[in-house]
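Just so you know, all these numbers are worked out from the coordinates, no wet-lab data involved. In this text the structure is predicted, and so the values were computed from the model without any measurement. All Cβ positions, even for glycine, are placed from backbone atoms using ideal geometry, and neighbour counts span all protein chains on display.
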Amino acid sequence: MKSILVTGGAGFIGANFIRHLLAVDPGVQVINLDLLTYAGSLENLKDLPDAERHTFVQGDICDQSLVECLLRRHRIDTIVHFAAESHVDRSIHGPAPFVRTNIQGTFSLLEAARKVWLGEGMLPPDSVRFHHVSTDEVYGSLGPRDAPFCETTPYAPNSPYAASKAASDHLVRAYGHTYGLPFTITNCSNNYGPYQFPEKLIPLMILNALAGEPLPIYGDGLQVRDWLYVEDHCRAIHMVLREGQIGETYNIGGGNQPTNLELVQTICRLLDERFPDSPHQPHQSLITFVEDRPGHDRRYAMDTRKIQGQLGWQPRESLESGLRKTLEWYLGNERWIEVIRSRPSYRDWLERNYTARGTRA
Ligand code: NAD
Ligand code: DAU
């Protein structure tokens, strides 16, 4: 039985990953370490398949002695590290938690792994693995005709969030190079799907459109992201854990690259079809152009030939099929939405990020 420490497993991708792992891999037990910040919730872990193989621990990845204790107590052989502050706009409003969690937190996990795995010899060093979950944002922004990011593209992070993730990637690589810590890294593009916190573009637009509220598009809406359904990301990480080469990085992306405006128009079309009698028809009329995000990256696109060629991974969902599934999930999970929407901290965030933002003609 493999014993896997998942950090940030009560967040969007972490919770989807645990669900995937428990469903497809009977040979694992999962220890889930999550602080339950505003972005994490035990609601995301309800009705897990084979839930007795999952143990939840509320705690901070910056607490090195707690992590050491978990590594020893559960004889952890694999760390899959998702925990992070993940929202670019929040990193612009206040970068300090990003530096703490994303950099200091990753450092603390690496130190714990170095001490217990490499120092105490509890497990053979070739049986352990630190897998770090990162982002395409470390590579910066592409021009309209630039080739997609590949694994050797130089790092050029632009937001405090991206810079903190880049720093954490460098720390992981350095621990591999200097101490021989066995690691893999995945850099993934924009995810969407069930359980995504409605501060991110797709769930925010779905919920606003259902409520007949404005759909705030930053700037001219011609920025491009490379969208991937979360389940496809989880499968890719699982494949890298099983077959990825130690010390390697793998880029993951969906190959779907609409502009933000086109994406929101697609969501509006799906809602028009689903609710032909809605008073908010056509949902596109709710689109409002607002002041841009400072330092807004223009375009991301991922070259995924390495993971496709070496591990045989490819996405299964198209953008249209993934969006339909996502929409149905939010429609079927009103309670989950209400719990978040009723929190004062969520309303405060919307107020801080949107109310002060001017609208554009
Ligand atoms: P999320 O914000 O939904 O979840 C983050 C989770 O980490 C939450 O459950 C939170 O409680 C937990 N957490 C935060 N600080 C912690 C701490 N100090 N100790 C323990 N737990 C803590 O994030 P997500 O969208 O699921 O992203 C997960 C990871 O994937 C992040 O590392 C992010 O950088 C990366 N990533 C995200 C995307 C995306 O599109 N969402 C794309 C590529 C990579
Ligand atoms: O690229 C991977 C990254 O994708 C992850 O590393 C991050 O954790 C994740 O949050 C995401 O970052 P983005 O900034 O790309 O995602 P977000 O959903 O915040 O925004 C997507 C695009 O939509 C971006 O160009 C900004 C724009 N946008 C976003 C919001 C919330 C709007 O136009 N209006 C909005 O209200």
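For the pair THR359 and ILE246, how long in nm is the line joining their label points, each one 7 Å along Cα→Cβ?
Result: 5.9 nm between the two label points.
What is the P(r) of segment 1-131, as percent of Cα-Cα pairs per 5 Å bin from 0?
2, 11, 22, 22, 19, 14, 7, 3, 0
Decide, for segment 1-68, between rounded, prolate and oblate: order the square roots of the alpha carbon gyration tensor eigenvalues as a ≥ b ≥ c, take rounded if a/c falls under 1.5, and otherwise choose prolate if a/b is larger than b/c, else oblate.
Oblate is the answer for segment 1-68, as a/c is 1.5 or above yet b/c matches or exceeds a/b.
Give me the net charge for the shell around ALA15: Cβ to Cβ below 14 angstrom, other residues only, Lys and Arg +1, Asp and Glu -1. The partial results should precede the final answer.
Numbers: positive: ARG19, LYS46; negative: ASP34, GLU43, ASP47, GLU231.
Summing Lys and Arg as +1 and Asp and Glu as -1 gives -2.
Tell me, what is a quarter of the convex hull surface for the C-alpha atoms of the chain, in nm² with one decimal?
So the Cα hull casts an average projection of 17.2 nm².
Over 22 Å apart: what share of the alpha carbon pairs of segment 243-361 falls there, rounded to a whole percent? Walk me through the numbers on the way to the answer.
On the way: 4140 of 7021 pairs.
Pairs farther apart than 22 Å: 59 percent.
What order, most packed first, do the peptides 157-165, 350-358, 13-21 have when packing is the mean number of other Cβ atoms within 10 Å of each residue? Spell out each step's value before the answer.
Working: 157-165: 22.9, 350-358: 12.6, 13-21: 24.7.
Taking the mean over residues of other Cβ atoms within 10 Å, the ranking is 13-21, 157-165, 350-358.
Counting Lys +1, Arg +1, Asp -1, Glu -1, what net charge surrounds PRO182 among other residues with beta carbon under 13 Å of its beta carbon?
Details: positive: ARG114, ARG129, ARG173; negative: ASP77, ASP126, GLU248.
For residues surrounding PRO182, the net value is 0.
Report the far tail of the P(r) of segment 297-361, meaning the percent of Cα-Cα pairs longer than 17 Å. Intermediate values should be presented prior to the final figure.
Values: 1485 of 2080 pairs.
In whole percent, the long-distance tail amounts to 71.
What does the extension gain come out to for ARG173 and LEU66, with contour length at 0.36 nm per residue minus their alpha carbon separation? Intermediate values should be presented prior to the final figure.
Values: separation 107, 0.36 × 107 = 38.52 nm, distance 2.32 nm.
36.2 nm is the gain from fully extending ARG173 to LEU66.
Would you kindly state how much longer the chain becomes between HIS296 and GLU273 on full extension, computed as 0.36 nm times their sequence separation minus their alpha carbon distance, in nm to one decimal? Provide the component values of the computation, followed by the final result.
On the way: separation 23, 0.36 × 23 = 8.28 nm, distance 3.20 nm.
The HIS296-GLU273 span can extend by a further 5.1 nm.
Need the C-alpha centroid separation for segment 197-261 versus segment 135-160, integer Å.
Taking the Cα centre of each part, segment 197-261 and segment 135-160 sit 16 Å apart.
With each pseudo-label sitting 7 Å past Cα toward Cβ, what's the LYS325-ALA211 distance in nm, one decimal?
Inter-label distance under the simple model: 2.7 nm.
Let me check I have the definition right: for segment 185-288, take the eigenvalues of the Cα gyration tensor, multiply each by 5, take square roots. What are those semi-axes in whole Å, largest first? Write out the running numbers ahead of the final one.
Details: eigenvalues 209, 40, 21 Å².
That gives 32, 14, 10 Å for the three semi-axes.
Semi-axes of the equivalent ellipsoid of segment 124-178: what are they in whole Å, largest first, if each equals the square root of 5 times a C-alpha gyration tensor eigenvalue? Each step should come with its number before you reach the end.
Values: eigenvalues 137, 33, 15 Å².
For segment 124-178, the ellipsoid semi-axes come out as 26, 13, 9 Å.
Divide by every residue of the chain the summed helix terms, -39500 (n - 2.57) for each DSSP H run of at least 4, and state the resulting mean residue ellipticity at 222 nm, rounded to the nearest 500 deg cm²/dmol. Display every interim value, and only then the final one.
Working: 12 runs with 132 residues, N = 361.
Rounded to the nearest 500, the figure is -11000 deg cm²/dmol.
In square nanometres and to one decimal, what's the mean projected area of the convex hull around the Cα atoms of segment 147-220? Write out the running numbers ahead of the final one.
Numbers: hull surface 30.5 nm².
Reported value for the Cα convex hull: 7.6 nm².
Label 7 Å along Cα→Cβ of GLN314; segment 232-253 residues with amide nitrogen under 17 Å?
232-233, 235-236, 251-253
Can you put TRP336, TRP227 in order of Cβ neighbours within 10 angstrom, beginning with the fewest? Please list the in-between numbers first.
Numbers: TRP336 18, TRP227 24.
Final ranking by Cβ density, sparse to dense: TRP336, TRP227.
Which order results if LYS200, LYS115, LYS46 are arranged by neighbouring Cβ count within 10 Å, fewest first? Show your work: numbers first, answer last.
Numbers: LYS200 18, LYS115 15, LYS46 10.
Listed from fewest to most nearby Cβ atoms, that is LYS46, LYS115, LYS200.
If you wrap a convex hull around the Cα atoms of segment 93-136, how much volume per residue is inside, in Å³? Walk me through the intermediate numbers first.
On the way: hull volume 2.9 nm³, N = 44.
That works out to 66 Å³ per residue.
Which of TYR155, TYR139 comes first, and how do the rest follow, when ranked by fewest Cβ neighbours within 10 Å? Present the calculation step by step, with values, prior to reporting the outcome.
Working: TYR155 16, TYR139 25.
If I rank by nearby Cβ atoms, fewest first, I get TYR155, TYR139.
At q = 0.18 Å⁻¹, what is the log10 ratio I(q)/I(0) for segment 81-221, with the Debye formula run over Cα points and no solvent?
Log10 of I(q)/I(0), two decimals: -1.10.
Tell me, in nm to one decimal, what length is gained between ARG305 and GLN104 on full extension, where the rule is 0.36 nm per residue of separation less the Cα-Cα distance?
My answer for the length gained is 69.1 nm.
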